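Worksheet: one structure, shown below.
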Amino acid sequence: MEHKTRHLTETQLANIRAAVETILVNIGENPGREGLLETPDRVARMVDEIFEGTRFSNDEIAEECGKTFPLPEGSISNNSTVAVTNIEAFSYCEHHLALMYNMRVSVGYIPRDRIVGLSKIPRIVDLVTRRLQLQEKIGNDIADILSKVVKTEDVIVVISAEHSCLTSRGIKKPGTRTSTITARGAFETQKEKRLEFLKTIENNSN
């Protein structure tokens, strides 16, 4: 299914522009000065883009990315892992609206009867991360959606990212990375499958 972008309404965009102008005034800025004249509109259009995933449910993302193909006979065994690693992404923390950046997402699954087109996995990542998020929830959302698409519980999602709420405010520790592992099915119960996937990420990062 071809992706159809869902935009905010004109009323929503107008409300965001007004909110940005209010913020500018309350931090002591002048929204009427030349450098800020178009800032409320720019921010509204940016918000429309970077939070597009909010306007899709996980079920809708699964339906949009649900094109699958029969597992070719003899191509891989029923215990082999399909891995798409080091997908670049970004998101925004729901606690501070702060950027999660330098994010790498690696996704793996053990196919049963069908496989998904490889381009659909980065598309799932893209829509899930274009929401106000927690890194832990990003992994769970991706795993939930992929399980619906390929009809298997054997899914793993590994995420590593920097969080500006940690690196540029508060404790201010630049370079600190947060890593999460969401393991389902065989990846949760079989240590060797989990370690095999982590080794694949390591090899693909070199």
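Can you name every residue in segment 24-46 that is assigned to a helix (DSSP H, G or I), of a type outside the set (S, T, N, Q) and open to solvent by 70 Å² or more (accessible area, probe 1.4 Å)?
Across segment 24-46, the qualifying residues are VAL25, GLU34, ARG42, ARG45, MET46.
Please find, among GLU49, GLU10, GLU21, the residue that is open to solvent by 50 Å² or more (accessible area, probe 1.4 Å) and touching a Pro at 6+ places or on another chain (Cβ under 8 Å).
GLU21
Kindly establish whether LEU8 is farther than 28 Å from ALA186 by Cβ, in contact with a strand residue (DSSP E or B) (Cβ under 9 Å, 6 or more places away or on another chain), in a loop (DSSP other than H, G, I, E, B) and at pLDDT 95 or above.
No: the conditions fail for LEU8.
Tell me the residue from GLU88, GLU94 that is open to solvent by 60 Å² or more (accessible area, probe 1.4 Å) and farther than 23 Å from HIS3 by Cα, please.
Going through GLU88, GLU94 in turn, the sole match is GLU94.
Within the set of pairs 6+ apart or on separate chains, which have a first residue in segment 119-140 that is under 21 Å from THR5 (Cβ atoms) and open to solvent by 60 Å² or more (accessible area, probe 1.4 Å), a second that is in a loop (DSSP other than H, G, I, E, B) and of a type in the set (Asp, Glu), and C-beta atoms under 7 Å apart?
Close Cβ pairs satisfying both conditions: LEU132/GLU94.
Let me confirm something: among THR182, THR152, THR167, which residue is hydroxyl-bearing (Ser, Thr, Tyr) and surrounded by 20 or more Cβ atoms within 10 Å (Cβ to Cβ)?
Criteria check complete, one pass: THR182.
The values are calculated or read from the model by the stated rules, or taken from the named source; none is laboratory data. Owing to the predicted nature of the structure, the values given are computational and were not obtained by experimental measurement. With ideal geometry, Cβ positions are generated from the backbone for all residues, glycine too; neighbour counts draw on all protein chains shown. The area values use the complete protein model at the heavy-atom level, side chains included, leaving out ligands, DNA and RNA. Shrake-Rupley method; radii C 1.70, N 1.55, O 1.52, S 1.80 Å.
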